[in-house]
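A short write-up of the structure that comes next.
The values are calculated or read from the model by the stated rules, or taken from the named source; none is laboratory data. Fair warning: this is a prediction, and the values are worked out from it, not measured in the lab. Ideal geometry is used to build each Cβ from the backbone, glycine not excepted, and the neighbour counts take in all protein chains shown.
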Amino acid sequence: MKPSTEQLSELNQKVTHHLEVVYESLPDLPAMESLASELIAIMRLDSDNQQPMPHQSSWDQNDVALITYGDSILEQETLPLQSLKHFLDAYMKSSVNSVHILPFFPYCSDDGFAVMDFYKVNDTLGDWNDIQAIASDYRLMADLVINHGSSSGEWFKNFIKGEGYGHDYFYTAPADSPISQVVRPRTTPLLRETETKQGKQYVWCTFSHEQVDFDFRNTAVLKEFVKIIRYYLDNGVRIFRLDAVAFLWKKLGTDCLNLIETHEVVRLIRTLIEHTQPDAIIITETNIPNRENLSYFGNANEAHCIYNFSLPPLLVNTLVTGNCRYLKQWLMSMPPAQNGTAYFNFVASHDGIGLRPAEGLLNESEIASLITTMQRFGGEISWRTGDNGVKKPYEVNIALFDALQGTTEGKDEFGINRFICAHAIMLALEGIPGIYIHSLLATSNDYDKLERTGQNRSINRHQWDYEALKTELADEGSQHNQVYTKLTELIGIRKQQAAFHPNATQFTLHLNEKLFGFWRQSMDRTQSIFCVYNITDEVQPLVMSDLNLIVTNEWRDLISGQKFNDTNDHLSLEPYQTVWITNT
């Protein structure tokens, strides 16, 4: 819809305000109204401008995302993105409607997160036609790797030459810069010494020295990323995962984390995207303590969704200790997401179980016990640099299936049940669920890949031969078949329940520490679901009267089908059993 002069003026004013906040502290400010007009033109909003509805949720209980690499499924003589599409259509069509394909661009390291060219598909995976084919049948999530680019890309080569496109895109600082307060997820030196045509320079690298940070003080960098966003929208991307966005703005003498300018850049991106494609979604990936993570909702004007990073470590801790105290305390403290925003829930990811989001939620002894247990089950530990250079554990690298094969006492026979229980909790919580492909397929630790790459995160980045996978999924006795069958069954149940809408009401139940539970109620208040989980390896009694079941309703378990005629009944829950008790 071609905007009126008045609509364009209002949009320009809004974008100008974002820019004034971002660049306020810098000398020699550019002309903000002119820059706003440039960004609007790049997004083509001067010719087609949609009017977004505030507090509008473009999701419901049918939304479930699969998280995968472009080459997680391999077939002979078939490009991996095409093999992924084959797998999705054969096994996931009725279960998920969204697919997050982790970085599918040319890269030099970190399995795609050191992007060499933001406008190309890695030709070992396929091309934009293959991406568009997936986007035509599934809501496509892609990474906007906004904090850094590859040291092997053309932009950085031009930086070294001191001329050419992108040569001034990277953040440099004096060698003696005050950087002791900088918080980052790695232990390598922050500043990379680099010989350039202009002499020795020190380039900022929040992550590895192959991942060089962009300098958003340069408005050309902002314009470039707006151009990239428009390009991704044109190629079918509808969900933007803002990778490592918390580190985006740097200010010497601070921790360079979650700065005001960073938050305003997120607001700016949202404004531009929602006026272009109102149903597009921004998800911030901020692997940081819980309160800081929540700040990326803003006032329902920043991210539409935030990764619920505290859930994985708290949930794993709950299931290996058999005590839900910390998980319950956290859930009680979580604010409901406003309409137009939602939590993005997950239990496992391509990285690992983050430990920073557990800070302030688990005490040091609990974290130490969790680390020890995960190492016993084959996990590795990655480290970070904290305040004043102190080395601290950052994440546990382990396949979730192996992480839940036992308790703090060791491995046992309840691994699959415990694993299903973890996902049953995640699927019922307020928010949109995202399931990592290797959780869905019950993939174990890949020690061969770990040894081959020398990278801890490789332990949970297995590549399946599609023919071998089909054989496993057809074998009713295999762990892969059992987990896939049960998880898709639970997803199917979830999608039919109005009370599982991502924004439906949620209250934590006050049961004992061996039973974890919460209550969901549909937005029209017609359906209630009491979700209760035995998080231990022993049978636990559930007194039905503790659930406040209304006597005039008929109640049944959505999973087993069992009906409850007497609200004073006692129910015995088997180890790691789930009940979803509903009135409809």
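Those residues that are β-branched (Val, Ile, Thr) and at pLDDT 95 or above, I need them from the stretch 446-468; list them, please.
Going through the stretch 446-468, the residues β-branched (Val, Ile, Thr) turn out to be 453, 459.
Hit for the stretch 446-468 is Ile459, nothing else.
Looking only at the stretch 115-171, count every residue that is of a type in the set (Phe, Trp, Tyr), in contact with a helix residue (DSSP H, G or I) (Cβ under 8 Å, 6 or more places away or on another chain) and either surrounded by 16 or more Cβ atoms within 10 Å (Cβ to Cβ) or modelled with pLDDT under 95 (or both) and tell me the total. Explain how you work it out, then say what you get.
Quick first cut of the stretch 115-171, residues of a type in the set (Phe, Trp, Tyr) only: 118-119, 128, 138, 155-156, 159, 165, 169-171.
When the remaining residues are screened for being in contact with a helix residue (DSSP H, G or I) (Cβ under 8 Å, 6 or more places away or on another chain), the result is 118-119, 138, 165, 169-170.
If we keep only those that are either surrounded by 16 or more Cβ atoms within 10 Å (Cβ to Cβ) or modelled with pLDDT under 95 (or both) as well, we get 118, 138, 169-170.
Qualifying residue count for the region: 4.
Yes/no per residue for (1) out of contact with any Phe, Trp or Tyr (no Cβ under 9 Å at 6 or more places or on another chain); (2) within 19 Å of Leu429 (Cβ to Cβ); (3) free of Cβ contacts under 8 Å to residues at least 12 places away in the same chain; (4) not polar (S, T, N, Q):
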| residue | (1), (2), (3), (4) |
| --- | --- |
| Val543 | yes, no, no, yes |
| Leu549 | no, no, no, yes |
| Leu558 | no, yes, no, yes |
| Phe564 | no, no, no, yes |
| Asn568 | yes, no, no, no |
| Leu571 | no, no, no, yes |
| Thr578 | no, yes, no, no |
| Thr582 | no, yes, no, no |
Filter the stretch 252-279 down to the residues that are in a loop (DSSP other than H, G, I, E, B) and free of Cβ contacts under 8 Å to residues at least 60 places away in the same chain and list them by number.
Asn258, Leu259
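Looking at Asn301, is it within 22 Å of Asn258 (Cα to Cα) and touching a Lys or Arg at 6+ places or on another chain (Cβ under 6 Å)? Can you show your working first?
On the way: within 22 Å of Asn258 (Cα to Cα): yes; touching a Lys or Arg at 6+ places or on another chain (Cβ under 6 Å): yes.
It is true that Asn301 is within 22 Å of Asn258 (Cα to Cα) and touching a Lys or Arg at 6+ places or on another chain (Cβ under 6 Å).
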For the stretch 40-50, state whether one or more residues are touching a residue at least 12 places away in the same chain (Cβ under 8 Å) and more than 16 Å from Arg230 (Cβ to Cβ).
no
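Yes or no, residue by residue, for (1) crowded, with 17+ Cβ neighbours inside 10 Å; (2) over 29 Å from Gln338 (Cβ atoms); (3) among the polar types (S, T, N, Q); (4) at pLDDT below 95:
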site: Glu476; (1), (2), (3), (4): no, yes, no, no
site: Lys486; (1), (2), (3), (4): yes, yes, no, no
site: Val539; (1), (2), (3), (4): no, yes, no, no
site: Ser545; (1), (2), (3), (4): no, yes, yes, yes
site: Ile550; (1), (2), (3), (4): no, no, no, yes
site: Glu554; (1), (2), (3), (4): no, yes, no, yes
site: Lys563; (1), (2), (3), (4): no, yes, no, yes
Condition test on Phe207, is it assigned to a loop (DSSP other than H, G, I, E, B), hydrophobic (A, V, I, L, M, F, W, C) and within 29 Å of Arg457 (Cα to Cα)?
yes
Just wondering, is there one or more residues in the stretch 372-379 that are in contact (Cβ under 8 Å) with a residue 40 or more places away in the chain, buried (at least 19 other Cβ atoms within 10 Å of the Cβ), of a type in the set (S, T, N, Q) and within 29 Å of Leu294 (Cα to Cα)?
yes
Name the residue, out of Glu224, Glu195, that is modelled with pLDDT of 95 or more and assigned to a strand (DSSP E or B).
Glu195
If the requirement is being in a helix (DSSP H, G or I) and crowded, with 19+ Cβ neighbours inside 10 Å, which of these qualifies: Leu45, Leu11?
Leu11
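Looking at Ser295, Ser365, which one is more than 18 Å from the chain's Cα centre (by Cα) and surrounded by fewer than 20 Cβ atoms within 10 Å (Cβ to Cβ)?
Details: Ser295 fails: more than 18 Å from the chain's Cα centre (by Cα).
Just one listed residue meets the conditions, Ser365.
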